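Worksheet: one structure, shown below.
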Amino acid sequence: MRLSEVYAADALAVSIEIFPPKTPAGDAALRGHLQQLCRHNPAFISCTFGAGGSTRDRTLQWCRIIRSELQRTAVAHLTCVGSTREQLIELLDEADAAGVRNIMALRGDAPRGQDRFQAVAGGFAHASELVELIRERHPDWGIGVAGYPEKHPEAPSLEADLNHLKGKVDAGADAVVTQLFFRNDVFLSFRDRCAKLGIDVPIVPGIMPITDPARIQRITAMCGSSFPEDLARRFDAVGDDRKAQFEIGIEHALRQCEQLKAAGVPGIHFYALNRSDACHRILTALGT
Ligand SMILES: Cc1cc2nc3c(=O)[nH]c(=O)nc-3n(C[C@H](O)[C@H](O)[C@H](O)COP(=O)(O)OP(=O)(O)OC[C@H]3O[C@@H](n4cnc5c(N)ncnc54)[C@H](O)[C@@H]3O)c2cc1C
């Protein structure tokens, strides 16, 4: 199924994002978690592309597992980091050979040790160029792109960032999947601004259930998403009680999902962090 079809259906399209584990034990555990989550009939499972292309082969290996073992639509993430146009074409050919027909097209971040992203000679500076390349070579593939309700950390303003997002959609993206956020008003205002700019593809919220507040604060610092003070206070109040932290995280994410569903989102993309417990609880409560 292509991304354009995924979001054309009436039902809420749930999707799960994973990253390739580093060890065989991690692979085995992830298989188990995904089998559990497949009971909720995810519209697709996407696999990230490691920083600097570090998981290049593993991303496609996991896309093959998603397709053949789990019988689900696989979406391969692909970034421009460290690759020339020709190398990106090779990667697309490999994705084609693996039966992948949907790509999450990203610029990627600067490799460790560099403070700003720099395109390699003969490579791309912006995700929009990757979208153009994919559209040119594979006109019928599904293409997702990243959107930032709280703006991309490098963008001078949300307005500038939204104009660049429009550039990615005009280049041929089928859907925008957002960076994680914890306040729905931020997403809903972003969605309104996208509509005003004529961004007319599905805008899909990205939700990360919090199971470990210490880890989440590191992640939000990296991706520029704000962490609500009232939520931080609730976590502080339970100290190191892991079970209580988990329950607070689930409750918050579930409330977000219920409100987003009521607000008519076409789907919800879960940053599942290779686990199933939190998403399983949320999806069960959502009735999906
Ligand atoms: C759903 C999702 C999935 C992700 N998956 C991965 C992954 O698998 N691997 C990974 O390494 N990272 C991933 N990321 C992170 C992403 O790579 C980073 O956020 C990266 O910094 C930006 O990528 P982008 O595709 O949004 O870039 P772009 O859309 O190119 O935007 C990057 C910055 O450049 C600006 N910009 C864009 N076009 C122009 C232009 N024409 N002129 C001037 N400025 C411009 C934008 O405003 C923005 O500030 C993901 C993010 C999301 C939300």
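The values are calculated or read from the model by the stated rules, or taken from the named source; none is laboratory data. Since we're looking at a predicted model, the values are computed, not measured. Please note: Cβ atoms are built from the backbone with ideal geometry, for glycine as well, and neighbour counts cover all protein chains shown. These area figures cover heavy atoms from the full protein model, side chains too; ligands, DNA and RNA do not enter into them. Shrake-Rupley method; radii C 1.70, N 1.55, O 1.52, S 1.80 Å.
Numbers below:
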read-out	value
Some residue of segment 274-286 being touching a strand residue (DSSP E or B) at 6+ places or on another chain (Cβ under 7 Å) and on the phi > 0 side of the Ramachandran plot	yes
Extreme residue, farthest from residue 48 (Cα to Cα), among residues of segment 121-155 that are among the acidic types (Asp, Glu) and open to solvent by less than 70 Å² (accessible area, probe 1.4 Å)	150
Among (1) surrounded by 16 or more Cβ atoms within 10 Å (Cβ to Cβ); (2) touching a residue at least 40 places away in the same chain (Cβ under 8 Å); (3) within 13 Å of the ligand (Cβ to nearest atom), the one test that residue 101 misses	(3)
Residue match in segment 29-39 (condition: in contact (Cβ under 8 Å) with a residue 40 or more places away in the chain, open to solvent by 10 Å² or more (accessible area, probe 1.4 Å) and within 11 Å of the ligand (Cβ to nearest atom))	no
Checklist (1) open to solvent by 50 Å² or more (accessible area, probe 1.4 Å); (2) touching a residue at least 12 places away in the same chain (Cβ under 8 Å) applied to residue 114, failing item	(2)
Inter-residue pairs, beta-carbon under 9 Å, first touching a residue at least 24 places away in the same chain (Cβ under 8 Å) and in segment 261-288, second hydroxyl-bearing (Ser, Thr, Tyr) and in a strand (DSSP E or B), 6+ apart	267/15; 268/15; 269/15; 269/46; 269/178; 270/15
Residue ID - farthest from the ligand (Cβ to nearest atom), chosen from residues in segment 147-171 that are touching a strand residue (DSSP E or B) at 6+ places or on another chain (Cβ under 6 Å) and touching a residue at least 40 places away in the same chain (Cβ under 8 Å)	149
Residue that is nearest to the ligand (Cβ to nearest atom) [pool: residues in segment 40-59 that are within 23 Å of residue 287 (Cα to Cα) and open to solvent by less than 40 Å² (accessible area, probe 1.4 Å)]	46
Selected residue [touching a Cys at 6+ places or on another chain (Cβ under 8 Å), within 16 Å of the ligand (Cβ to nearest atom) and open to solvent by 10 Å² or more (accessible area, probe 1.4 Å)] from 70, 106	106
Residue match in segment 254-261 (condition: among the polar types (S, T, N, Q) and more than 20 Å from the chain's Cα centre (by Cα))	no
Spans of helices (runs of 4 or more DSSP H) in segment 175-243 with at least 2 residues within 18 Å of the chain's Cα centre (by Cα)	184-196, 213-223
Single match in 243, 261 (criterion: under 21 Å from residue 192 (Cα atoms) and of a type outside the set (Ser, Thr, Tyr))	261
